[in-house]
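The values are calculated or read from the model by the stated rules, or taken from the named source; none is laboratory data. Every value quoted in this text rests on a predicted model; they were computed, and no experiment measured them. FYI the Cβ positions are ideal-geometry reconstructions off the backbone, even for glycines, and counts take in every protein chain you see.
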Amino acid sequence: MDSETKNCQNCKKDFIIESEDFNFYGKMQVPPPTFCPLCRAQRRFAFRNERVLYKRKSDFTGKEIFTMFSPESEIKIYENDIWLSDKWDPMEYGADYDFSKPFFVQFFELLKRTPLKTLNIVNGVNSPYTNNITDPKNCYLVFNAGYPEDCMYGHGVNFSKWCVDVSHVSKCENCYEAFWLTSCASSLFSSQCENSFNMVFCKNCVGCQDCFGCVNLRNKSYSIFNEQYSREEYLEKIKSFELGSYENLQKIKKQVYEFWNKFPNKFIQGMQNTNVSGNYIDHSKDIKNSFMIREGQNLHYCQYVQENTTSKDCWDYSIWGDNNQLLYECHACGIGTQNMKFCLYCQLSVHDLEYSIFCSNGSENLFGCVALRKKQYCILNKQYTKEEYEKLVEKIKQQMEELPYVDKKGRVYKYGEYFPTELSPFAYNTTMAQEYFPISKEKAKGEGYFWADTAERNYKADFNKGELPDNIKDVQDDIIGKIIICEHEGKCNQLCTNAFKIMGEDELNFYRKMNLPLPRLCPNCRTFERLKERTGIELYERKCECAGEKSSNGEYKNTAQHMHGDSPCENEFETTYDTERKEIIYCEKCYQQEVY
């Protein structure tokens, strides 16, 4: 089928459905979407509470436990070990399908009466304060991660050890305040580097070691601000920076960021790719309009698919990875899932599921089910024979066409649409949607979305703003457990907790070992500040900013002769770098000429 232009029923903007999209929809036996790719992503993201934990009572034991579901969500919760046990049966909450009511109404009635596990932790060891995580060991406040060990305050941490305050790193050790690193060690305040170690304030470096404040280097060592030093000169110079001082660190950070912005960035951040578009894509092939992908193949409109091994042939799939195939409009589903449509938090070798949440352990052929394990041919948590199941599913799909769910803004949800945002159990401002598609409380309420107001906290501070010792060498052991007021004081829009603590000897020893001053912001604010460097997921049409001998803004002088000579480069491309950002953006060919 040829490409076709549609008008999004959410944002009212036109979008194109390509012929290859229609081929995929035909394979998956779903109608084409009525929301554009960005609105589809926003809708999925609204069903993910990324890092907010609540303390409330278990609906099974009455014990106080930590959970991702707020009391206002009306979701019942059980401790994970109980939820995974035979002490209860989710089939007891099943119901016959009622053809007089829209499907989504019946499904969310089932969701609110069926207990869910308190946190989405798979095989966790000594990591109770984590969420949306696979096989963590000895981790604290680590989210959206796979196989991390001895990590703290992380986000998108995969196969990594002893990393603190990092986002989207893979196969890394002893890294701090880092973003999008692969196979790096002992790297601080660095971004978009691979196979490098002992890096400080470095960006877009590969195969490097012992570098400071460097940009776009390949296979270099003992460099400072892209200038070569001897080993002895380098070590002496690094000592003079005195990074253990918070005041010195802030001055150097400002200097480094100004230096970074004088160098070109490739229009897409990624390495060892073939035929890809989007941003932050590594070791992948045939990726379209996708974001933060590692080892993917044939993925379209996908985000955060970065856990090994390869996921392939998926459209509109967000979060996780780890060997998945043929997923459409799914979110937080992973570990060997296949042929899944409109699912959330389904995992562990499940297949042929539709409109299901928290189903796992080899379940198959489920429609509209919640919390089932090792089940098949169920609808709304009620058992059917194979023949009964297949006939009833087709009848329900037809009913969804004839009696769709209509939300408060008049958006129509027939078969083929993801769950309506207004039915999400999470407050919009606590979800990933607020990260990428921020809106005000008034706007959220007008859209019919749930919003969480900041809870009152009456802290008796041990350290107010500006009272921490400037240098790590002056910090005493008794800092552990003391209440430190976040410098944002709750006045930002970053889920600020107003206060935080140094949680134990491991954290304090890490700062001492790495010669780092104590943080001044709470973990949430640190995460949001770090992610300001990250681009959004929207693509923009732009032209290469190489003007011949220099960049078009005159900040960068080219070091090599380019194919277009002294004339401006004519290459155009799609990029997630919008024109409001400060970075200099080059096409692939011009960028590669300037990497050395």
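Which one of these is under 21 Å from residue 413 (Cβ atoms), part of a helix (DSSP H, G or I) and either of a type outside the set (Ser, Thr, Tyr) or modelled with pLDDT of 95 or more (or both): 72, 109, 92, 20?
Every option except 109 fails the conditions.
Mind counting the residues in the range 557-573 that are at pLDDT 95 or above and either among the hydrophobic types (A, V, I, L, M, F, W, C) or in contact with a strand residue (DSSP E or B) (Cβ under 6 Å, 6 or more places away or on another chain) (or both)?
4
Which count do you get for residues in the range 170-227 that are in a strand (DSSP E or B) and at positive phi? Explain how you work it out, then say what you get.
Narrowing the range 170-227 to residues in a strand (DSSP E or B): 170, 173, 176-182, 185, 188, 191, 194, 197-200, 203, 206, 209-212, 215, 218, 221-224, 227.
After this cut, where a residue has to be at positive phi as well, the list is 177, 180, 198, 210, 222.
Here the count works out to 5.
If I go through the range 511-527 residue by residue, how many of them are in contact (Cβ under 8 Å) with a residue 40 or more places away in the chain, in a helix (DSSP H, G or I) and surrounded by 19 or more Cβ atoms within 10 Å (Cβ to Cβ)?
Of the range 511-527, the ones in contact (Cβ under 8 Å) with a residue 40 or more places away in the chain are 512, 514-520, 523-524, 526-527.
Next, from what is left, pick out any that are in a helix (DSSP H, G or I): 512, 523-524, 526-527.
When the remaining residues are screened for being surrounded by 19 or more Cβ atoms within 10 Å (Cβ to Cβ), the result is 523-524, 526-527.
Residues flagged as in contact (Cβ under 8 Å) with a residue 40 or more places away in the chain, in a helix (DSSP H, G or I) and surrounded by 19 or more Cβ atoms within 10 Å (Cβ to Cβ) within the range 511-527 amount to 4.
Identify, please: which residue in the range 154-186 is hydroxyl-bearing (Ser, Thr, Tyr) and closer than 17 Å to residue 519 by Cα and is, among those, surrounded by the most Cβ atoms within 10 Å (Cβ to Cβ)?
The qualifying residue surrounded by the most Cβ atoms within 10 Å (Cβ to Cβ) is 167.
Could you please let me know if residue 497 is among the hydroxyl-bearing types (Ser, Thr, Tyr), crowded, with 18+ Cβ neighbours inside 10 Å and either under 25 Å from residue 40 (Cβ atoms) or assigned by TED's automatic domain parsing to the domain that holds residue 139 (or both)? So that I can check it myself, show each step before the final result.
Details: among the hydroxyl-bearing types (Ser, Thr, Tyr): yes; crowded, with 18+ Cβ neighbours inside 10 Å: yes; either under 25 Å from residue 40 (Cβ atoms) or assigned by TED's automatic domain parsing to the domain that holds residue 139 (or both): no.
Considered against the rule, which asks whether it is among the hydroxyl-bearing types (Ser, Thr, Tyr), crowded, with 18+ Cβ neighbours inside 10 Å and either under 25 Å from residue 40 (Cβ atoms) or assigned by TED's automatic domain parsing to the domain that holds residue 139 (or both), residue 497 comes out as no.
Check 289, 279, 275, 298 and return the single one that is within 28 Å of residue 544 (Cβ to Cβ), modelled with pLDDT of 95 or more and in contact with a Gly (Cβ under 6 Å, 6 or more places away or on another chain). Explain how you work it out, then say what you get.
Working: 279 fails: in contact with a Gly (Cβ under 6 Å, 6 or more places away or on another chain); 275 fails: in contact with a Gly (Cβ under 6 Å, 6 or more places away or on another chain); 298 fails: in contact with a Gly (Cβ under 6 Å, 6 or more places away or on another chain).
The unique qualifying residue is 289.
Looking at the range 219-242 only, could you name the residues that are surrounded by fewer than 12 Cβ atoms within 10 Å (Cβ to Cβ) and either in contact (Cβ under 8 Å) with a residue 12 or more places away in the chain or under 18 Å from residue 516 (Cβ atoms) (or both)?
231, 239, 240, listed by residue number.
Hey, could you check the range 383-441 for residues that are assigned to a loop (DSSP other than H, G, I, E, B) and among the acidic types (Asp, Glu) and say which is surrounded by the most Cβ atoms within 10 Å (Cβ to Cβ)? Break it down into steps so the answer makes sense when it comes.
Step one: list which residues in the range 383-441 are assigned to a loop (DSSP other than H, G, I, E, B), which gives 384-385, 403-404, 407-411, 414-420, 424-427, 437-440.
Add one more test, that the residue is among the acidic types (Asp, Glu), and what stays is 407, 417.
Values: 407: 16, 417: 24.
So, considering only residues that are assigned to a loop (DSSP other than H, G, I, E, B) and among the acidic types (Asp, Glu), the one surrounded by the most Cβ atoms within 10 Å (Cβ to Cβ) is 417.
From the list 410, 362, 368, which one is without any contact (Cβ under 8 Å) to a residue 12 or more places away in the chain and of a type in the set (Gly, Ala, Ser)?
410 is the lone residue from the list that is without any contact (Cβ under 8 Å) to a residue 12 or more places away in the chain and of a type in the set (Gly, Ala, Ser).
Could you list, in sequence order, the residues of the range 467-480 that are without any contact (Cβ under 8 Å) to a residue 12 or more places away in the chain and outside any helix (DSSP H, G or I)? Reasoning before the result, please.
Step one: of the range 467-480, the residues without any contact (Cβ under 8 Å) to a residue 12 or more places away in the chain are 467, 474, 476, 478.
Within the range 467-480, 467, 476 meet the criteria.
Output the residues belonging to the range 344-356 that are touching an Asp or Glu at 6+ places or on another chain (Cβ under 7 Å) and part of a loop (DSSP other than H, G, I, E, B).
350
Scanning the range 528-539 for residues that are hydrophobic (A, V, I, L, M, F, W, C) and within 16 Å of the chain's Cα centre (by Cα), which turns out surrounded by the fewest Cβ atoms within 10 Å (Cβ to Cβ)? Walk me through it before giving the result.
Taking the range 528-539 as the starting set, the residues that turn out to be hydrophobic (A, V, I, L, M, F, W, C) are 528, 531, 537, 539.
Filter again for within 16 Å of the chain's Cα centre (by Cα), leaving 528, 531, 537.
On the way: 528: 18, 531: 15, 537: 24.
It comes out as 531.
Does any residue of the range 45-65 turn out to be within 21 Å of the chain's Cα centre (by Cα), outside any loop (DSSP other than H, G, I, E, B), at pLDDT below 95 and not assigned by TED's automatic domain parsing to the domain that holds residue 524? First the steps, then the outcome.
To start, the set of residues in the range 45-65 that are within 21 Å of the chain's Cα centre (by Cα) comprises 45-54.
If we keep only those that are outside any loop (DSSP other than H, G, I, E, B) as well, we get 45, 49, 54.
Subset that is at pLDDT below 95: 49, 54.
With the extra rule that they be not assigned by TED's automatic domain parsing to the domain that holds residue 524, the set shrinks to 49, 54.
So far as the range 45-65 goes, yes, one or more of its residues are within 21 Å of the chain's Cα centre (by Cα), outside any loop (DSSP other than H, G, I, E, B), at pLDDT below 95 and not assigned by TED's automatic domain parsing to the domain that holds residue 524.
Of everything in the range 357-382 that's of a type in the set (Ser, Thr, Tyr) and in a strand (DSSP E or B), which residue is farthest from residue 345 (Cα to Cα)? Before the answer, list the steps.
Of the residues in the range 357-382, the ones of a type in the set (Ser, Thr, Tyr) are 360, 363, 377.
From what's left, in a strand (DSSP E or B): 360, 377.
Details: 360: 9, 377: 19 Å.
That would be 377.
Does the range 134-143 include one or more residues that are closer than 22 Å to residue 524 by Cα, among the polar types (S, T, N, Q) and surrounded by 24 or more Cβ atoms within 10 Å (Cβ to Cβ)? Break it down stepwise before answering.
Quick first cut of the range 134-143, residues closer than 22 Å to residue 524 by Cα only: 134, 136-143.
With among the polar types (S, T, N, Q) added as a condition, the list becomes 134, 138.
From what's left, surrounded by 24 or more Cβ atoms within 10 Å (Cβ to Cβ): none.
Scanning the range 134-143 turns up no residue that is closer than 22 Å to residue 524 by Cα, among the polar types (S, T, N, Q) and surrounded by 24 or more Cβ atoms within 10 Å (Cβ to Cβ).
Do we find that residue 249 is assigned by TED's automatic domain parsing to the domain that holds residue 180 and part of a loop (DSSP other than H, G, I, E, B) in this structure? Before you say what the answer is, go through the steps one by one.
Details: assigned by TED's automatic domain parsing to the domain that holds residue 180: yes; part of a loop (DSSP other than H, G, I, E, B): no.
Judged against the criteria, residue 249 is not a match.
Just for the range 51-91: of the residues that are without any contact (Cβ under 8 Å) to a residue 40 or more places away in the chain and of a type in the set (Asp, Glu), which one is surrounded by the most Cβ atoms within 10 Å (Cβ to Cβ)?
Result: 79.
Is it true that some residue in the range 120-130 is outside the structural domain of residue 197 (by TED's automatic domain parsing) and under 21 Å from residue 423 (Cα atoms)?
yes
Here is a check on your reading of the model: is residue 296 of a type outside the set (Phe, Trp, Tyr) and crowded, with 20+ Cβ neighbours inside 10 Å?
So residue 296 fits the description; yes.
Matching residues to (1) touching a Pro at 6+ places or on another chain (Cβ under 8 Å); (2) farther than 21 Å from residue 188 by Cβ:
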site: 233; (1), (2): no, no
site: 253; (1), (2): no, no
site: 270; (1), (2): no, yes
site: 276; (1), (2): no, yes
site: 290; (1), (2): no, yes
site: 301; (1), (2): yes, yes
site: 305; (1), (2): no, yes
site: 314; (1), (2): no, yes
site: 323; (1), (2): no, yes
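Select, from 277, 284, 245, the only residue that is over 30 Å from residue 107 (Cβ atoms), surrounded by fewer than 24 Cβ atoms within 10 Å (Cβ to Cβ) and in contact with a Leu (Cβ under 9 Å, 6 or more places away or on another chain).
277
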